[in-house]
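Participant: A single structure is presented below for examination.
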Amino acid sequence: MVSGAQAVSARRRVIHGVAPIVGLLLLGSLAAAQSPKNSNYLRNIELCSGSDRTSLESRIEGCTAFIESGQGTPAALAVAHNNRGNAHTTKGDYDRAIQDFDQSIKLNPTYARSFNNRGVAYLRKGEYDIAIKALDEAIKLNPDYGGAFANRAGIYLKKNEYDRAARDYDEAIRLDPNLEAVWSGRCWTRAVLGALQAALEDCNKALQSGPSNAAAYDSRGLIYLKTGQLDAAIDDYDSALRFDPKLANALYGRGLAKLKKGDKAGGDPDISAAKTMQAGIGDDFTHYGVR
């Protein structure tokens, strides 16, 4: 979603990229062109399309019934496999998801969404290089696919390839500035690279669009820690921990900020707790440029 270089980001509990962006497509328009079908058939289309906040199990059942009906066109079946694959991904059943995305691509080799979603499934499995290849293909098929750029940026971030991640975040934001978590992801990337003012602007943008964002507070905490604004860093790490009390990065960063302020009694417990959660976190922060 590991070599030594990859391990730093892979250990982080919050992905400072995006919550992987998947493509779910409604089947209605593709199925409407066919001859009228019975109510069960139409209900399966609704379920497979995720209508009315459909549960994952119901979506899988609806997609399966539609696929097995033998009445769908190749294009509609490609969408059904894609949607069922997304449901399997959400459930954590990545191998089944990949099988569905593979079948979707076989039915429609130009369907960029399925390549993107296959990349997300491999990302979640931790198979980064295969994920990047799938996302490369999605972008090749649709150069304006902001979500695919954002997902690939998240993988580069986890591989510590920060320059590549920054370029992909730039493109994702250019194409679709409203994508979830891209501002936070670019903030973290820029913070690690040392472009601190630009990083701060990105984090502020992320928090304006969604204040309940542990990753953005954690990223901004790192910026303030690197610039010596220790009280501001502690405040942001406090906010990150309110949303995610087990975020080792925020605990360690807050501990460092407290120690730099001379608060050993407050800093040592945070450092200790963070190391218990994530043994190599001290090395991670050295990699981020903080000691």
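The values are calculated or read from the model by the stated rules, or taken from the named source; none is laboratory data. If you're wondering where the values come from, they're calculated on a predicted model, not measured in any experiment. Here Cβ is always computed from backbone atoms with ideal geometry, including for glycine, and neighbour counts include all displayed protein chains. Ligands, DNA and RNA are excluded from the accessible area calculation, which covers all protein heavy atoms including side chains. Shrake-Rupley method; radii C 1.70, N 1.55, O 1.52, S 1.80 Å.
Participant: How many Å³ per residue does the convex hull of the Cα positions in the range 154-291 occupy?
Facilitator: 94
Participant: Under unit Cβ charges (Lys, Arg +1; Asp, Glu -1), what dipole magnitude, rounded to 20 debye, does the chain have relative to its Cα centre?
Facilitator: 340
Participant: Still on this structure, please answer the following. With n ≥ 4 as the cut-off for DSSP H runs, can you work out [θ] at 222 nm for the chain, using -39500 (n - 2.57) per run divided by the number of residues, rounded to the nearest 500?
Facilitator: Helix contribution divided over all residues of the chain: -22500 deg cm²/dmol.
Participant: Could you work out how far apart the two model spin labels at LYS106 and GLN208 are, taking each label as a point 7 Å from the Cα in the direction of the beta carbon, and quote it in nm?
Facilitator: 4.8
Participant: Give, in nm to one decimal, the length gained when the segment between GLN229 and ASP136 is fully stretched (0.36 nm per residue of separation minus the Cα-Cα distance).
Facilitator: 29.5 nm
Participant: Then there's this: TYR41 to ASP129: extension gain in nm, 0.36 nm per residue of separation minus the Cα-Cα distance?
Facilitator: 27.8 nm
Participant: Further question on the same structure: Show which aspartates and glutamates lie in cross-link reach of LYS133 when reach means a straight Cα distance below 14 angstrom and same-chain residues fewer than eight apart are skipped.
Facilitator: Output for LYS133: ASP102.
Participant: Count the lysine pairs in the range 173-291 that are 8 or more places apart or on different chains: how many have C-alpha atoms under 14 angstrom apart? Display every interim value, and only then the final one.
Facilitator: On the way: LYS226/LYS258; LYS226/LYS260; LYS226/LYS261; LYS246/LYS275.
Qualifying lysine pairs in the range 173-291: 4.
Participant: Next question. Any chance you could run the full-extension gain for ASP238 through ARG53? It's 0.36 nm times the residue separation minus the Cα-Cα distance, nm to one decimal.
Facilitator: 63.2 nm
Participant: Continuing with the same structure: With the other protein chains left in place, how much accessible area per residue, in square angstrom, belongs to the chain at a 1.4 angstrom probe?
Facilitator: Per-residue accessible area for the chain comes out at 44 Å².
Participant: Within the accessible area of the chain, what % is carbon and sulfur when the probe is 1.4 Å and the other protein chains stay in place?
Facilitator: Roughly 48 percent, rounded to a whole number.
Participant: Give the ranking of ARG113, ARG84 by solvent-accessible surface, highest area first, calculated with a 1.4 Å probe.
Facilitator: ARG113, ARG84
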